[in-house]
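Novice: Have a look at this one.
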Amino acid sequence: MTVPAQSARPLRVIQVGAGGMGRAWLRTIVASPDVELVGVVDLDMDVARTALAETGAGPAQVGASLTELAAATSADAVVNVTVPAAHSPVNLEALALGLPVLCEKPMAESVAQCLPMIAAAERAGQLLMISQSRRYYSQLASLREVLGGLGPVEVARCDFARAPHFGGFREQMAEPLIVDMAIHQFDLARDLMGADPVSVYCESSNPSWSWYAGNAVATAVFTFAGGSRFAYTGTWCGPYPETSWNGTWQLGASGGGVRWDGDHLPTAYAPDGAPLAVHERKVPEEIAGSLAEFVACLRDGTEPATAGWRNVISVAMVEAAVRSSAEARVVTIAEVMDGARETAFAT
Ligand SMILES: NC(=O)c1ccc[n+]([C@@H]2O[C@H](COP(=O)([O-])OP(=O)(O)OC[C@H]3O[C@@H](n4cnc5c(N)ncnc54)[C@H](O)[C@@H]3O)[C@@H](O)[C@H]2O)c1
């Protein structure tokens with residue numbers, strides 16, 4: 001991996017995409033001493049200007065072309081906060097310019113679309129990191145610490161219930177819950193279970209009261225290497241009382257179990273039910289956490305757990321779950337990866 005900024009000076013970043021999440025990123029970039037915002041690219045330059053003005057993130061140049069703005073600003077890196085369908089073209093453009101990229105999840109809508117980006121990062125010798133912001137919480141740092149002493153996780157469960165009215169691209173997607181949201185929990189399951197997924201059986205549906213065009217409800221059971229299981233149940237249109245945005249987690253190992261409601265310090269128990277101590281930890285959270293890790297990796301040349309070639313397994317979990325639901329059968333991660341390789345080579 002080429003490291004663009006060995007010096008201590010802030011990394012000069014261009015943000016592409018200044019919509020809803022783009023505004024949160026602008027605020028985060030401006031608040032970080034590690035980076036300096038030098039440009040904002042959006043298909044709609046008025047959206048970019050308004051976002052800059054409303055977030056107080058200026059001054060920065062605004063443009064519709066990443067290539068032109070990168071040349072004009074001598075940027076070091078790109079933060080990609082466009083809609084999922086635009087992740088691939090923007091990442092490929094940035095990597096072709098020799099710039100490392102921190103890209104919002106999901107890397108792409110299919111594994112086949114991810115593979116050329118992974119190859120482009122390899123070719124450019126640059127980091128393509130996916131921002132899986134729900135890996136970065138102080139409470140999760142506490143959870144990982146206590147879980148680490150309990151032995152390998154053999155059973156895990158996540159229940160997710162929210163009912164947001166977003167409008168926009170999510171309400172038109174075929175599988176909005178699995179593709180746009182559940183990827184967070186699928187990805188976190190990989191992290192917490194410390195193993196790779198092998199197969200999934202999933203059913204998704206769209207209740208009569210849903211305001212989404214596609215399936216807003218899903219239940220999936222993943223088998224992980226070694227035989228451990230991860231059970232996910234999610235709804236993006238209620239009607240249950242809402243969980244946190246992280247969902248409610250239960251993780252079981254031979255040394256005990258951990259429960260996390262996604263909003264408070266986890267609780268942990270020994271097999272006999274005796275409470276285990278959980279210590280408070282403090283780490284940069286959410287997108288500030290992924291931005292900090294991106295900069296640290298560029299500076300010291302390490303690779304994050306969500307580098308594109310690693311994160312593609314989380315995308316494969318999503319694709320396998322969608323296929324399982326469509327075809328009403330168990331789908332393996334291996335068949336998704338093999339099929340994607342064939343598609344990517346053919347195209
Ligand atoms: N980590 C999280 O918790 C979280 C939360 C919300 C959204 N997201 C992710 O953030 C991304 C953006 O979501 P959003 O809600 O901000 O979407 P949005 O539709 O509000 O904004 C996307 C912006 O990207 C611009 N854009 C689209 N294609 C472009 C292109 N080719 N070049 C330049 N600009 C382009 C659009 O004009 C728009 O301004 C998505 O990948 C989404 O999944 C993550």
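Novice: Please give the charge dipole size of segment 137-282, origin at the Cα centre, charges +1 on K and R Cβ atoms and -1 on D and E Cβ atoms. Round to the nearest 20 debye.
Specialist: Dipole size: approximately 120 debye.
Novice: Give me the 1.4 Å probe accessible area per residue for segment 1-151, excluding ligands and nucleic acids, in Å².
Specialist: Per residue, segment 1-151 has an accessible area of 38 Å².
Novice: Per 0.36 nm of contour for each residue apart, how much would the distance between M21 and A328 grow if the chain were fully extended, relative to their Cα-Cα spacing?
Specialist: Taking M21 through A328 to full extension adds about 107.1 nm, to one decimal.
Novice: Moving on to the next point. Report the per residue volume, in Å³, of the convex hull enclosing the C-alpha atoms of segment 84-163.
Specialist: 158
Novice: Now a separate question. How much of the DSSP bridge set in the chain is antiparallel, in percent, rounded to the nearest 5?
Specialist: 55
Novice: Could you give the C-alpha radius of gyration of segment 177-257 expressed as a fraction of 2.2 N^0.38 Å, taking N as the number of residues it contains?
Specialist: 1.17
Novice: Rounded to the nearest 20 Debye, what is the dipole magnitude of the chain about its Cα centre when Lys and Arg each give +1 and Asp and Glu each give -1 at the C-beta?
Specialist: The dipole of the chain has a size of about 340 debye.
Novice: Which of F160, F169, F222 ends up with the largest GNM mean-square fluctuation for the chain, with Cα atoms connected below 10 Å?
Specialist: Sorting by GNM fluctuation, first place goes to F169.
Novice: Okay, moving on. Within the P(r) computed for the chain, what percentage of the Cα pairs occupies the region above 30 Å?
Specialist: Beyond 30 Å sits 37 percent of the P(r) for the chain.
Novice: Average the reciprocal distances over every distinct pair of alpha-carbons in segment 137-282, invert the result, and give the Kirkwood radius in Å.
Specialist: 15.9
Novice: Under a 1.4 angstrom probe, counting protein chains only, how are H165, H279, H87 ranked by accessible area, largest first?
Specialist: H165, H279, H87
Novice: Can you show me the helix-derived [θ] at 222 nm for the chain, built from DSSP H runs with n ≥ 4 at -39,500 (n - 2.57) apiece and divided by the number of residues, rounded to the nearest 500.
Specialist: Counting only the DSSP helices, I get -11500 deg cm²/dmol.
Novice: Counting Lys +1, Arg +1, Asp -1, Glu -1, what net charge surrounds W236 among other residues with beta carbon under 14 Å of its beta carbon?
Specialist: Taking every other residue near W236 into account, the sum is -3.
Novice: Continuing with this model, one more query. Enter the mean projected area of the convex hull around the alpha-carbon atoms of segment 13-130, in nm², rounded to one decimal.
Specialist: Value for segment 13-130: 6.4 nm².
Novice: Also: Could you tell me what percent of the accessible area of the chain is made up of carbon and sulfur, with a 1.4 Å probe and every protein chain present?
Specialist: Within the chain, the accessible surface is 55 percent carbon and sulfur.
Novice: Considering only the other residues whose Cβ falls under 12 Å of the Cβ of S65, what net charge follows from Lys and Arg at +1 and Asp and Glu at -1?
Specialist: Net local charge, S65 excluded: -3.
Novice: Report ³J(HN,Hα) in whole Hz for each residue of segment 60-76, in order, from the Karplus equation J = 6.51 cos²θ - 1.76 cosθ + 1.60 where θ = phi - 60°; Gly and Pro get x.
Specialist: 7, 6, 10, x, 9, 10, 5, 4, 5, 5, 4, 5, 6, 10, 6, 5, 9
The values are calculated or read from the model by the stated rules, or taken from the named source; none is laboratory data. Just so it is clear, the model here is predicted, and its values are computed rather than measured. Methodologically, a virtual Cβ is constructed for each residue, glycine included, from the backbone with ideal geometry; neighbour enumeration extends over all protein chains shown. Each accessible area value is taken on the protein alone, full model and side chains, heavy atoms only, with ligands, DNA and RNA left out. Shrake-Rupley method; radii C 1.70, N 1.55, O 1.52, S 1.80 Å.
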